[in-house]
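Taking it in order: structure first as structure tokens, then the write-up.
The values are calculated or read from the model by the stated rules, or taken from the named source; none is laboratory data. All figures in this text were calculated on a predicted structure; none of them were measured in a lab. Cβ placement follows ideal geometry from the backbone for every residue including glycine, while neighbour counts extend to all protein chains displayed. The protein model used for the area step is the full one, side chains on, heavy atoms only, and it has no ligands, DNA or RNA in it. Shrake-Rupley method; radii C 1.70, N 1.55, O 1.52, S 1.80 Å.
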Amino acid sequence: MLKSWSGGPAETIVVKQVKATVDAIPASGGRPVGWIDDKVIAAALEILQNAKEIEAPKPLNTYYTNTLLQ
């Protein structure tokens, strides 16, 4: 990331930000950081549909994948 961001913050700042972000993500029952429960996505899509922000949700795998974490 730092190689592509020549005007970005110092590496020490980026490392602190990444660590703080990882620490802020709630654990998912023994799953790796970044793992997403499909029930959470389904609930979020239901909220969006009820608020008329979307007409109909697409299949859940359109929005995310946990494959990269396996």
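If only residues of the stretch 8-30 that are modelled with pLDDT of 85 or more and part of a loop (DSSP other than H, G, I, E, B) are counted, the one that is surrounded by the fewest Cβ atoms within 10 Å (Cβ to Cβ) is ALA10.
Across the stretch 41-70, the number of residues qualifying as under 17 Å from ARG31 (Cβ atoms), open to solvent by 70 Å² or more (accessible area, probe 1.4 Å) and assigned to a loop (DSSP other than H, G, I, E, B) comes to 2.
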